[in-house]
Structure formats: C-alpha cells, structure tokens
1. Roughly speaking, what is the centre-to-centre gap between segment B:201-278 and segment B:344-398 when only Cα atoms are used, to the nearest Å?
2. When chain A is modelled as a GNM with alpha-carbon springs shorter than 10 Å, which of A:Thr174, A:Thr89, A:Thr226 fluctuates the most?
3. Using a 7 Å offset from Cα along the direction of the beta-carbon, what are the separations from A:Glu347 to the same position in each other copy, nm, ascending?
4. Just to compare against my own numbers: the Cα pair-distance distribution for the protein assembly as shown, 10 Å bins, whole % per bin, please.
5. Quickly work out the A:Thr318-to-A:Glu214 label distance, labels modelled 7 Å from Cα along the C-beta direction, and quote it in nm with one decimal.
6. Can you tell which of B:Arg76, B:Arg253, B:Arg212 shows the greatest fluctuation in a Gaussian network model of chain B with Cα springs below 10 Å?
7. Determine the principal axes of the Cα atoms in segment B:1-131, then give the extent along each, sorted from largest to smallest and rounded to whole angstroms.
8. Taking Cα pairs under 8 Å and at least six residues apart, what relative contact order does segment A:65-284 come out at, in percent?
2 protein chains.
Amino acid sequence: MEFHFSERMLTLKPSVIREILKSVTPDMIAFAAGNPSTDTFPIDEMGEIANGLFADKGRIAGILQYGVSEGYQPLRQLCFDRMRGKYQTGGEQDELIITSGGQQAIDLMSKAMLDPGDTVIVEGPSFIGSLNTFRTYQAHLAAVPMQSDGMDLDALEHSLKTEKNVKFIYIISTFQNPSGYTTSLEKRRAILELARKYDVLILEDSPYFELRYEGEYVPNLKSLDTEGRVLFAGSYSKILSAGIRLGYAIGHRDLIAKLVIGKQATDVHTNLFFQVVAAEYMSRYDLDAHIEKARGIYREKRDLMLRCLEEKLPQDVTFSRPQGGLFVWMELPAGSDGKALAALTVEQKVSIVPGNCFMVDDEKVNPGVRLNYSMPSKEQIERGTDILAACIRKYLGR
Amino acid sequence: MEFHFSERMLTLKPSVIREILKSVTPDMIAFAAGNPSTDTFPIDEMGEIANGLFADKGRIAGILQYGVSEGYQPLRQLCFDRMRGKYQTGGEQDELIITSGGQQAIDLMSKAMLDPGDTVIVEGPSFIGSLNTFRTYQAHLAAVPMQSDGMDLDALEHSLKTEKNVKFIYIISTFQNPSGYTTSLEKRRAILELARKYDVLILEDSPYFELRYEGEYVPNLKSLDTEGRVLFAGSYSKILSAGIRLGYAIGHRDLIAKLVIGKQATDVHTNLFFQVVAAEYMSRYDLDAHIEKARGIYREKRDLMLRCLEEKLPQDVTFSRPQGGLFVWMELPAGSDGKALAALTVEQKVSIVPGNCFMVDDEKVNPGVRLNYSMPSKEQIERGTDILAACIRKYLGR
C-alpha cells in the first residue's frame, strides 16, 4: 500500500526529543526530558478532589458528559481572574480558552493565522515542539538569534522588514526552552513596539514563568499589550500535572473566537474531568503556596546542577544560569557538535538533547546541548554530570 | 485590532449544533444533542478505579506525568486485541493510536492526507463536525446521496471518476449520524472495491457500531480490508464517557506513523489518567456486559421515540428506523424547510437540528431534521414529540 501524504507531512520528522525519550530506560539518567518533577504534583489534593467528584453522583454524570469547546466556565473564570489579578495579564478586550495542554494553544493559533508560506519569526534556538507545529502549517520559519536577555533586536527588525507575510513572532518570554534565558522588560517593550510597527501578532508561550527561583518577576508581554496583539499561551503542566493535558490561551476575543472554532474541529473540548479538578483545586487550596513549594524543590535542583557544571566542566564549555524554569543551555567550544556528544553520553546511559534539534536549520552542526534538571533526582544530577564531564573531555580529546 | 486570519478560517463557521447546545437551558428538551445518556456510564466502576489509582502513590505520579503520543501501551493492546478478536477489525499491517476522542482521528487523518483543494467524498447528509474538520484543511467536499442501505453507488463511482485529487471516502458505516442508516455488507464490499479501483483511501468513522438494538452485526469495512486502505476511527465516548475525550484509530502502520507525528504537533498525547482508567476498566470489568446494558437502555428509548413518531406525525412526514445508534432522521414533505421547523420548536423549548446543517451545501433548503433519543428522558421523549408534532402541523398549516 503506497500512501500519498499531504505536502505538510513530507518534510516533517517525528520529534527527536520524543524519540529519545522513548528509548530512555529506567536505568538511564534523563537530562533530555522536559518533564516536571512528579514531586511537585499536588497528588493528595487532586486525589481528594477526584474521590469527591466520583462520590457526588449527580455531579459526576455531568462531568463525564460532553462539555463546551471554550472550556469549563468556572475554570476559565478562575484562571482568567488569577492571571489578570496577579499578573495584569489580559485586558478588557480579551477572553480565555482552555486548551489540551499549552501545545494546543500553539496549534490553534497556527490554525487560525497561518497559510502555507506565511512566515513565523522564532527565537534561535526555540522549542522543537512548536517549530514542528508551525511546520505542519507549512510556515516559513525565520530564526532570530537569542541573546541572554532575549532576541537580537536588530536581527528581529531585519526579519520583520525582509520576510514575506510575517503573521506572528513566537517568543518563549521567560526561562526559555531550551536556553533558560529570560527576555528583559526593555526588550519586551521593544519587541511589542516592533510588532506594532510592522503590524504582526505575538504568540507568547509561557509555561514556566511562575517557576522563578531568584530575581524579580518580569511582566508578561501580554500584560504590556493594550491592543490585543499578543496571544498568551499558559500551561498547568508544570504546576499541577503534565499528563492531564491542561493549558489555556488569553487573547483578543475575535482571535479566541477563531481558536474555539478550530478546537471544535480538532478535539471538541478538553477532558472535562480534569478541568473540574483544576477549578476545584484553585477554589479549595492555595495554588500560590503550592507553586512556592515547587519552586523550592526546583531551586535546589537547579543550584545543584549549576554547581556541578561549574565544578566539573572544562573552562571553555559555557552554560546559561537560568533564574527559573527547567533547562540549562550548554555550549561546547565553537565548531563542536552537540550531536556527537549526545551519542557518547547515551552510551553511558545519560540522555541529552543536542542543540541542532532546536534550530530552524537542524541539519547544521551546533555546539549546544539542552540539559534538564527538573526530572532527574539529586543523586542522578551528581552522577549524570560526572558522566557528562567525562564524555566532554573524551569528545574534546583531553 | 484587525486580524488577518488564515484562508481556512474565512469560510468556517462555528458548529451550528454546538451553538444550539450552548443555548439549551435545563428546561429545554434536547432532541438536538448527540450526547450519550449518562445512565450508560459505568460511574461506580470508574470511580473505584480512579480512587485506586490515586491511592497508589508510586503509580499515580507516573500517570500524572507526560506520556507517549501513540497512547498508553496497555490500552492500545487491550483495545486492539478486542477489535481484532471480536470484530476482525485490524490486520497484520495495522497499528492503533489512542486519540483525544473520535473527532481527533478525523483531524489527524485530514492532517496526514489533505492538501488544499483535495477532494473528500462524503455521505449526504453527514456529520457536521467532520465536514468542518475537512473544511479546516481546505478540502473540496463532494457529497454522495445517502440511501437507507448506504451511499448511492452510481453517484459514488461518478464522483470518483470526475472529482480531482480524491484522497479518501468518509463514511460513517453503521447507524450513521445523522440519518441512522447502516451501510449494507454488499455496499461495503462494493465501496471497498471502488476505492481500490480508483486508488483512494477510506476513513471509516464508527463511534456507534456497538450500540445495536436489533438485527445482525454488519462487519466493519476495516474488517474487509486486506491492504490497509481503510482507517477505522473508534470512540469510547458512547460506551464509557464522552467528557473524557478518548478514541482510537486503527490503520496501516505507515499511516499511523504519520498520525503520531501529527498528534505530537497538536496535543502531544491524550489525557493519560483516563487512558489508564479505560485500560483498568477493560481488564477488571466486563465491557461487553456493560455495552449490553447500555443497549437495553437505548433500545427502550429508541422504541419509544419511533412509537411516538409513528403515532403523532402526519402520514407524509417520514423518518428512518435505525437498528442502533443515537439518531432518527425525519423528513418533512418535499420543499419544506427543516430550519423553519427548528425555529418553531425551539420557541416551544424543544431543540432539533435542521437537516441543512449536515449538507455540504448548507445554504440550500432541506426538509430533513435530526432527532436524538439517547439524551432525553422517556418522559421528555413523550412530551417533546407532542410539541414536535404540533409544530409540524403548524408549519404545514394544518
């Protein structure tokens, strides 16, 4: 049987990371993952809520029935109130849609905006999952080099000037995946101004912004947006559970209306049970206190990871020092190949993601590597960085 | 703020049914829904499983973590074994992917196969949700008139001969939505033969086939398929719960591989918790016995609905007599407008879906109406059909 697949499928490859993760065995140290630590999930509280829901016969029947595509109204309200109240994220003209994970917000925005050949400007490096989503809409991807305080503004303006049919700028504004970098407030303002000047939208993907371990909160781009030019994509994956697939998007009501239509045509609505669980959790427990606890767990792991890298890596191997999130970006000396290093570490049962995966041109040799510290245990971080350092020395011939 | 939406969004309208359902108030009799009856959900058993999962600290942590895009392996296995063992659906070359409801299988198949302008041949009438999904891929839709034993074969061959770039035939083979018709075995064989002759695929959407209340099981098209030409889309919405968004697709491994890549780019994976719940349910309880019980509940409702229509409707108003599923298709005398009737009934607090909604050309006046009998109570069926009959007489001026 020979299949004549759509154009969009011809160039698309399975996510390298998800393929790497499939080969991860329990005895492997997974620096390659992007998973939150299960220690941060409020399991007891979610269990209590779930039990209570199933015990309420009248209520559970409705929860196991079809819901509306916009999402469970109480959760929409709680989530939006919190984002507006605590972070001034979302204005009068905005609405909120519940999505099946943050990834679906990226997909629905793409569905609403992108025709084949349209340009999406992305950070280089950027999250491979989103790059692949844009590719399924046959978008042209234009990468703007990432600096430690966000995109290179001159390169961004150059792209906005020269690329054709730019629909939006895709930016992971805080604790970026994979670099760990946070775009500065100054650059956020400048990026919004450039978006206005060239009349393009901004897709702000921000699944990690509440996982800050030090430094001051930098306002979301969306909270600087008075026109409805920014769609903010948020996620419950890193604060409640990743497996329940729960996220949301905040944007101009006209845009959200299109996302709702798109969602009707993909999965109708998000799992209703866990929308109710999340709403009950937010009503009955202190989400902020829970996030504070998760921050404590991650802060220790980040500190340990950074200390290990500091102590063990050769001087000419650099790495980012993220103030939050899940990732460290490490760079081997210029000309090195992260892929070759990954091949060495995986033999020693340490998985890492080579930097080329996060690039628009993923065939080009890249000296970067993404390291995750949220998933491995402290003991694994210690042992894994020993192995990583040894593999680096071997790779560099020292 | 003015948005420049993608081409696909310009012609797309919100699902009429979902809009109708949003306006449904608790005091309304909903013949418009497509919802299963909550009486058929195994709530106690699912609750017991859920409680058990949350009580198992080691296990629940993994279940709330990210999963793989293909789906939870034990559920894939159980589901596939059952479909192969009980229904001979799925062969050696086939694999199974878990989807976020049956609708997502339709979406992922479209993503894998359709370029703008490609043709999908559909039954006329057909399920509005799927038609809208095909529209989001800018497919050209060619409708083949539906007869009580399936598509008009001459019209189907004419379409296959004359339409350009036909990628697949979309068929709801058993207890079709909205007509309630089942395609006969003879026609299934002929449709598969035509698909072979013109080298197109078949997307067999079959969320209702196990809800048979009388007559003999007609083999799924997929079980007649030796080449891997058919993708079978199944659903747990009508046998376990609709709100959990759980479905599956069975097809040739090369095709499923593309669906997996597509899924990575949309929602990464389906809610893992309820994949585990479904797998546990199938291991620990008797799904067949549960379905038999649901059949009993629905059979009574269908019998009542048909008896009411028989007794109350004018002679020249016809309706289908489905052997299963959730829907009856009613037709007013030629030249009538189902939309006008729906406007009358909704005033009297009975919602119905006018037939034009299910047509490729939904602007054209259509004398049909879809009636659902699974959601309303027996008392509501009695009362609702009184109101329906009165509105029909009023509409026809009698």
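All of the numbers you see were taken from the coordinates with simple rules; none came from a lab. Remember, it's a predicted structure, so these values are computed and weren't measured experimentally. Every residue, glycine among them, receives a Cβ derived from its backbone with ideal geometry; neighbour counts consider all protein chains shown.
1. Using only Cα atoms to place each centre, the spacing works out to 30 Å.
2. Judging by the Gaussian network model, the answer is A:Thr226.
3. Here the equivalent label points are 8.1 nm apart from this one.
4. 3, 14, 23, 25, 19, 10, 4, 1, 0, 0
5. Modelled inter-label distance: 1.9 nm.
6. B:Arg253
7. Principal-axis extents of the Cα atoms in segment B:1-131, largest first: 50, 48, 40 Å.
8. Averaging sequence separation for qualifying contacts and normalising by length gives 31 percent for segment A:65-284.
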